[in-house]
Structures are given as C-alpha cells and as structure tokens.
1. Determine which member of the set Leu117, Leu72, Leu97 is more than 21 Å from Thr236 (Cβ to Cβ) and surrounded by 20 or more Cβ atoms within 10 Å (Cβ to Cβ).
2. Give me a count of the residues in the range 20-30 that are without any contact (Cβ under 8 Å) to a residue 60 or more places away in the chain and surrounded by fewer than 24 Cβ atoms within 10 Å (Cβ to Cβ).
3. List every residue pair whose Cβ atoms sit under 7 Å apart, with the two residues 6 or more apart in sequence or on different chains, where the first one lies in the range 236-256 and is acidic (Asp, Glu) and the second, anywhere, is outside any strand (DSSP E or B).
4. Name the residue, out of Ser33, Ser67, Ser17, that is closer than 30 Å to Pro148 by Cβ, surrounded by fewer than 24 Cβ atoms within 10 Å (Cβ to Cβ) and either without any contact (Cβ under 8 Å) to a residue 12 or more places away in the chain or not acidic (Asp, Glu) (or both).
5. Report whether or not Ile135 is crowded, with 18+ Cβ neighbours inside 10 Å, in contact with a Ser or Thr (Cβ under 9 Å, 6 or more places away or on another chain) and outside any loop (DSSP other than H, G, I, E, B).
6. Kindly indicate which of Ser44, Ser33, Ser67, Ser103 is over 15 Å from the mean Cα position of the chain (by Cα) and assigned to a loop (DSSP other than H, G, I, E, B).
7. Using the structure shown, decide if Leu85 is hydrophobic (A, V, I, L, M, F, W, C), in contact with a strand residue (DSSP E or B) (Cβ under 8 Å, 6 or more places away or on another chain), buried (at least 21 other Cβ atoms within 10 Å of the Cβ) and assigned to a helix (DSSP H, G or I).
8. Can you spot a residue in the range 169-182 that is over 30 Å from Lys131 (Cα atoms) and in contact with a Gly (Cβ under 7 Å, 6 or more places away or on another chain)?
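Every read-out reported here was derived from the displayed coordinates using simple, explicitly stated rules and does not represent laboratory data. Only a predicted model underlies this, so the values are computations on that prediction, with no experimental measurement involved. Note that each Cβ is placed from the backbone with ideal geometry, even for glycine, and that neighbours are counted across all protein chains shown.
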Amino acid sequence: MDDNIHDRPVVLITGCSTGGIGHALARAFAARSCTVVATSRSRSSMVDLEQDPRFFLQELDVLSDESVQRTLQNVVGKYGRIDVLVNNAGVQCVGPLAEVPLSDIQHTFDTKIAGSLRLIQAVVPHMATRKQGKIVNIGSVTAMAPGPWSGAYTASKSALHALSDTLRLELRHFGIDVVTVVPGAVKSNIANSAIASYNRMPEWKLFKPFEAVIRDRAYFSQKSKSTPSDEFAKHTVDAIMKKNPPAWFSSGEYSFIMNIMYYLPLFIRDLILRKAMKC
C-alpha cells in the first residue's frame, strides 16, 4: 500500500454485493484513487474485492444500530474520517399495494429510509467536526412517475428524495454536500432479488388476472437497453467527486424520458403508464 493512503478520500458505501450498483460504484470510486469501505450484510457477497488493498470490507446491516456503530468505529479508528457516505442499500418490493403484506412494505421502508438515516445520523457528527463531507442518497427515476406494481419500492425512493432535499438545506451550514443520485434502468442484480422476494408473496386474489404483468415488473429495469453498471458508476462518481457536486444527478436508460414524464399532465402520464404496465 502506498504512502499517500491517508490522503485519499474515504468513501463508505452500503449494499455492495457483487452484481449490484453499489459494487459498481465501489469499483468506480477506487479507480478515482479513493479508499473504499465496501459494506453489505454478508462479506462473502463481496469476495472479489477481498484481496484489493483499495477496499476495506465490512459486514453492515443498515437495520441494526449496533452494526452501524461498530462499522463507524472500525472506519474512523482506521482512517480517522469518512469523506463520502453513499446510501445505496435497498430492497425491491413488487406487487399490488392493496394486497402486498404490510410486513414487506415496512421492510422496504426500514431498509431504504430508516437504514439511510441511521447511517446519516452516525456519520454527520464526524463530517460536521471537520466542516466537510458528502452524503449521497441513491434514489430512482421511478419516483418521477410512479407506476403500478412497485408502489412500496417507488414510495421509499420518493421519501428518500424528499429527505435529501431537507438534508441539503440543514447540513449546508456544516460544509456537508447532499447529492441525490437518480438512476434510470441500470444493469444490476435487482431483478434477481425482486423475483426472489416476489416468489415469497401470497397468491393474489383481486389481482390474479394481472399475475404475469406483475411478475414481469420485476425485470422491467433489466431489459436489453439497460445501461451497463460500470458506465453508470463512472459518470456518477465523476459528478460526486466534483468540488461542488450537483444536488441532483440522473443517469441511465429512461432517465431523460422519466424526468420529462414528471412534468406531464397526470392524465397523460397515467395513459402512458397504463399502457406500459398493462393495467
């Protein structure tokens, strides 16, 4: 390991399992001469990073206060600071809102919202003391035009966007930048986790006739046109690493069209989404 290791920005990323956006971001930050604290619930899910000195691997459960505090102590004890926090961990939840078990909806929000805030509340005192730092929250373009079959996931991302807007204003005084990253359709393992959780869902009652299109929603972001994760990660990290990073950064397939959809009259947006999602 070279001598200037302590001059490198220290970046902590949640949800870095191989095949996901977090893993691609970890590699992109490392390529920009950062020290990357790559975290996931299971260290074995990041095994390909194990021997690379640019990475410090930590098992982290964003749902656990104890796990977050332990990880923060390990990182601050080793490097003395955290320069960038990337809240990427999240879970997909596919199904009609009227029939999805409340426990699944709760888990989706706990992971994305409570999990992100747990990390933010742990990291902000360290950043505020140094009067510098960046907090990056990974949202979603689905929040720009919420459609059917993934309401819980989309609502959790929408809530994160709102929290980011508030945090950006509240933390400015402490020299902390807040960036909302809004991915479009990016190649990742999200469809695998989405279909795994979908398979645990109860049999639909009212929505039984829509079963095929609901299941297909799990794969929607992973169609052939999806942006490669390494390409998305490079553009995103380039934006985050700017001296004055943007408050909002959107990239990936469908990101442009979804941002336009946000401004359409609701009846036109509904017409487009009903046709696209077959409802």
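1. Details: Leu117 fails: surrounded by 20 or more Cβ atoms within 10 Å (Cβ to Cβ); Leu97 fails: surrounded by 20 or more Cβ atoms within 10 Å (Cβ to Cβ).
That would be Leu72, the only listed residue that is more than 21 Å from Thr236 (Cβ to Cβ) and surrounded by 20 or more Cβ atoms within 10 Å (Cβ to Cβ).
2. Count: 1.
3. Glu253/Gly184; Glu253/Lys225; Glu253/Ser226
4. On the way: Ser33 fails: closer than 30 Å to Pro148 by Cβ; Ser67 fails: closer than 30 Å to Pro148 by Cβ.
Result of the check over Ser33, Ser67, Ser17: Ser17.
5. Numbers: crowded, with 18+ Cβ neighbours inside 10 Å: yes; in contact with a Ser or Thr (Cβ under 9 Å, 6 or more places away or on another chain): yes; outside any loop (DSSP other than H, G, I, E, B): yes.
Answer is yes for this residue.
6. Numbers: Ser44 fails: assigned to a loop (DSSP other than H, G, I, E, B); Ser67 fails: assigned to a loop (DSSP other than H, G, I, E, B); Ser103 fails: assigned to a loop (DSSP other than H, G, I, E, B).
Testing whether each residue is over 15 Å from the mean Cα position of the chain (by Cα) and assigned to a loop (DSSP other than H, G, I, E, B) leaves just Ser33.
7. On the way: hydrophobic (A, V, I, L, M, F, W, C): yes; in contact with a strand residue (DSSP E or B) (Cβ under 8 Å, 6 or more places away or on another chain): yes; buried (at least 21 other Cβ atoms within 10 Å of the Cβ): yes; assigned to a helix (DSSP H, G or I): no.
Spelling it out, it is not the case that Leu85 is hydrophobic (A, V, I, L, M, F, W, C), in contact with a strand residue (DSSP E or B) (Cβ under 8 Å, 6 or more places away or on another chain), buried (at least 21 other Cβ atoms within 10 Å of the Cβ) and assigned to a helix (DSSP H, G or I).
8. no
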